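All remarks here apply to the structure that follows.
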Amino acid sequence: MPRTMIALKNADLTLGQAAASVHVLKSMTLDIEAGQSVGIVGPSGSGKSTLLMVLAGLEQLDSGEIVIDGTPLHGLSEDRVAAFRGRNIGIVFQSFHLIPNMTALENVAVPLELADVRDAFDIARRELVSVGLGERLSHYPGQLSGGEQQRVAIARALAPSPKLLIADEPTGNLDAETGRQIADLIFSKQAERDMTLVLVTHDPALADRCSRQVQVRSGEIVSSGHKTENSVRSEALSA
């Protein structure tokens, strides 16, 4: 029987205060199985990135429940959520979020060191090699192309061996060919490590590569379908 990686139930979240408040998530309920790849799609302002931040433990719900791999996050302190996230969730952002005065190796190793992981730099080196940056270990972000910076960010996300990989517009700042290469890398790592992947994207081609798409509109999930077996087989034959 498939294991549930993400269980979101009656999730509500309002951001801002008074007249400036916006009801971003409205009684959202969503289950995602372990090992699935899920694309979250919808128009700008629909709440999809906020939903992703809730799944990553970076936003706390006003009400409702969020359970990741059997651990309820809605009742934990921020420190305990952060500790859980550091062990179990890898995050890739559109804007890379690398520390400019640290090398690629240091950018990947520092979060591991903060989590008291042994052999942090050995793990960081191995992950950078695995994403094709074995010759860029000592380079700073400003010395790397956009695609290379995103590869560093992916290596950093993968370094703790997370069960869940979260990606927010991972190809949004890249040209088409580089974006395709980064997408190939993300999906190959997901399959190789049997991770659950949840990503937000405006790119229909990237969303179509996921085994499932969740459509969000005005803070609500309007569809949450799976690809048919025939469509998955057709894509595999045409790849």
* Asked: In the range 4-36, how many residues are outside any helix (DSSP H, G or I), open to solvent by 10 Å² or more (accessible area, probe 1.4 Å) and on the phi < 0 side of the Ramachandran plot?
  -> 17
* What residue, among those in the range 100-113 that are out of contact with any Lys or Arg (no Cβ under 7 Å at 6 or more places or on another chain) and closer than 18 Å to Arg126 by Cα, is surrounded by the most Cβ atoms within 10 Å (Cβ to Cβ)? -> Ala109
* Residues located in the range 158-175, provided they are crowded, with 17+ Cβ neighbours inside 10 Å, of a type in the set (Asp, Glu) and at negative phi -> Asp168
* **Whichever residue in the range 115-162 is of a type in the set (Val, Ile, Thr) and modelled with pLDDT of 95 or more and, among such residues, is nearest to Leu197 (Cα to Cα)** => Ile154
* To do: Counting only residues that are open to solvent by less than 10 Å² (accessible area, probe 1.4 Å) and either at pLDDT below 85 or β-branched (Val, Ile, Thr) (or both), give me the strands (runs of 3 or more DSSP E) lying completely in the range 176-239 with at least 1 of them.
  => 196-200, 212-217
* To do: For the range 62-80, indicate whether the set of residues that are assigned to a helix (DSSP H, G or I), under 25 Å from Asp194 (Cβ atoms) and open to solvent by 20 Å² or more (accessible area, probe 1.4 Å) is non-empty.
  => no
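The values are calculated or read from the model by the stated rules, or taken from the named source; none is laboratory data. Model, not experiment: these values are computed from the prediction. Here Cβ is always computed from backbone atoms with ideal geometry, including for glycine, and neighbour counts include all displayed protein chains. These area figures cover heavy atoms from the full protein model, side chains too; ligands, DNA and RNA do not enter into them. Shrake-Rupley method; radii C 1.70, N 1.55, O 1.52, S 1.80 Å.
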